[in-house]
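Since the structure comes first, as structure tokens, the remarks are kept for the end.
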């Protein structure tokens, strides 16, 4: 299997897969709509949403090539949960386990940010994605009909464990304790 990694997005990453991102097949499976967005509107909109804290997004990179995005949105502080979205923009990269690896890596990032539950939705006929999500540990929460798409949707959840510290933990009553910088 090829090396999958995540990176903080740049304009160039979005530009790399912009043309393929809005292909009919990608839009269909991403539960998205066709947009008349220029590259600048798309890329700067995504970068701005991250700066404003509306989303947390990473670029999925396969063998050094940006192939899509993985996004956490609709973060609810009260319940420490968010909604996950993943789009691999080029169908040639579908079905090879890249989404699985990206989600595993991204859930670790989310856990370190204090997110305890991840929700996602996929079309009921997208058995390949559901198998991937189930293998990671997502469980079916509910199935519902979405009138706007005319399709059945499967909603799945995953509870994240807080990361365990590696090594010794120093607490405020320890003489070695130093106050964190603001």
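The values are calculated or read from the model by the stated rules, or taken from the named source; none is laboratory data. Remember, it's a predicted structure, so these values are computed and weren't measured experimentally. A quick note on method: Cβ atoms are made from the backbone with ideal geometry, for glycine too, and the neighbour counts reach across all protein chains shown.
Numbers at a glance
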| quantity | calculated |
| --- | --- |
| Among (1) assigned to a strand (DSSP E or B); (2) over 20 Å from residue 81 (Cα atoms), the one test that residue 143 misses | (2) |
| Residue list for the range 86-108, filter: modelled with pLDDT of 85 or more, within 19 Å of residue 137 (Cα to Cα) and not in a loop (DSSP other than H, G, I, E, B) | 98, 99, 100, 101, 102, 103, 104, 105, 106, 107, 108 |
| Yes/no for residue 76 being surrounded by fewer than 20 Cβ atoms within 10 Å (Cβ to Cβ), without any contact (Cβ under 8 Å) to a residue 60 or more places away in the chain, farther than 18 Å from residue 130 by Cβ and touching a strand residue (DSSP E or B) at 6+ places or on another chain (Cβ under 9 Å) | yes |
| Options 151, 141, 171: the member that is under 21 Å from residue 72 (Cα atoms) and out of contact with any helix residue (DSSP H, G or I) (no Cβ under 8 Å at 6 or more places or on another chain) | 141 |
| Which numbered condition residue 53 misses (of (1) assigned to a strand (DSSP E or B); (2) over 25 Å from residue 3 (Cα atoms)) | (1) |
| Any hit, the range 88-108, residues being out of contact with any helix residue (DSSP H, G or I) (no Cβ under 9 Å at 6 or more places or on another chain), surrounded by fewer than 16 Cβ atoms within 10 Å (Cβ to Cβ), in contact (Cβ under 8 Å) with a residue 60 or more places away in the chain and over 23 Å from residue 8 (Cα atoms) | no |
| Where a residue in the range 129-156 is at positive phi and its partner, wherever it lies, is part of a strand (DSSP E or B), with Cβ under 8 Å and at least six apart | 137/158 |
| Where residue 111 falls short, out of the listed (1) exposed (fewer than 13 other Cβ atoms within 10 Å of the Cβ); (2) assigned to a helix (DSSP H, G or I) | (1) |
| Subset of the range 34-60 [in contact with a helix residue (DSSP H, G or I) (Cβ under 8 Å, 6 or more places away or on another chain), within 25 Å of residue 98 (Cα to Cα) and surrounded by 12 or more Cβ atoms within 10 Å (Cβ to Cβ)] | 39, 42, 43, 46, 47, 55, 56, 57, 58, 59, 60 |
| Tally, over the range 51-66, of residues that are at pLDDT 90 or above and touching a strand residue (DSSP E or B) at 6+ places or on another chain (Cβ under 6 Å) | 8 |
